[in-house]
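Accompanying notes for the structure given below.
The values are calculated or read from the model by the stated rules, or taken from the named source; none is laboratory data. Keep in mind that what you see is a predicted model, and the values were worked out from it rather than measured. Because the Cβ atoms are built from the backbone with ideal geometry, glycine has one as well, and the counts that use them run over all protein chains shown.
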Amino acid sequence: MRIVLVVLMVSLFAAACSQPAVNTQANNAAKANSPNTNTSASANANKPSPRFAEVAVDPAADSVYTDISEKVCKEQEPEEDSGAIFQMECPGTAGYKYVFSESDHSQVLSVIDPKGKETLLQFRKVLNTVSDFYMGNKVEWRMDGKGEGAKPHAMIVRLTKFTDPEDRNKTETFLVVTRVGEETCVTDLVPASADQNKKAREFADTKGRKCMDLGKE
């Protein structure tokens with residue numbers, strides 16, 4: 001009888017010891033077959049968010065100023081169909097020059113690059129006005145550096161528009177930014193503000209500024 005009880009107790013004890021091993025294997029198998037949701041969530045949480053591309057501004061840019069003045073410019077005969085009553089060619093910088101012409105109601109500027117290509121700047125379309133306007137007497141060239149080897153990548157001109165045909169004292173002033181180089185075109189019109197000059201230079205020095213859509217001449 002004692003032998004039977006001993007055998008029975010040994011059997012029960014062996015069964016009790018083997019049960020946890022079965023559960024552990026089942027749990028391990030379940031973990032192996034289940035999707036790793038927590039790991040994926042953690043990875044996504046730690047993944048850096050995409051960054052926007054930074055605007056590339058020329059850090060070496062500097063300014064050179066040239067005049068729109070009869071003292072430095074050479075008077076020319078305007079073309080018959082131009083509507084101009086006065087015209088002169090002015091020296092720029094680094095091989096650039098520009099033609100200034102004037103009519104009864106406005107002024108026009110054309111840029112000539114070192115290869116002789118001339119580009120008319122459509123200031124009336126830039127201002128989107130039929131009112132009279134006039135230009136400042138200086139051109140600011142934004143250069144890619146300092147010294148004799150520097151080349152311009154943009155120019156800035158001040159325009160003043162009359163806002164009331166009955167009152168010539170009412171005006172608005174703007175800075176027009178023009179990209180020069182392979183494709184010369186107006187890129188920005190900067191209205192008057194406390195930091196107008198700074199904004200215009202930042203636009204001028206920013207690479208990749210698009211041409212303003214002014215339509216066809």
Output for region 169-198, where each listed residue is loosely packed, with under 10 Cβ neighbours inside 10 Å and touching a strand residue (DSSP E or B) at 6+ places or on another chain (Cβ under 7 Å): none
Of the conditions (1) over 21 Å from Lys207 (Cβ atoms); (2) hydrophobic (A, V, I, L, M, F, W, C); (3) outside the structural domain of Thr119 (by TED's automatic domain parsing); (4) modelled with pLDDT of 65 or more, Ala56 satisfies every one except a single condition; which number is it? (1)
For region 94-134, which positions are closer than 19 Å to Glu70 by Cβ, at pLDDT 95 or above and in contact with a Lys or Arg (Cβ under 7 Å, 6 or more places away or on another chain)? Ile112
Out of the residues in region 142-176 that are part of a loop (DSSP other than H, G, I, E, B) and touching a Lys or Arg at 6+ places or on another chain (Cβ under 9 Å), state the one that is nearest to Asn128 (Cα to Cα). Thr163
Counting only residues that are under 25 Å from the mean Cα position of the chain (by Cα) and either surrounded by fewer than 20 Cβ atoms within 10 Å (Cβ to Cβ) or free of Cβ contacts under 8 Å to residues at least 12 places away in the same chain (or both), region 97-117 contains a total of 3
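Please state which one of Met143, Met212 is within 16 Å of the chain's Cα centre (by Cα) and touching a residue at least 24 places away in the same chain (Cβ under 8 Å). Step through it out loud before you land on a result.
On the way: Met143 fails: within 16 Å of the chain's Cα centre (by Cα).
Residue meeting the stated conditions: Met212.
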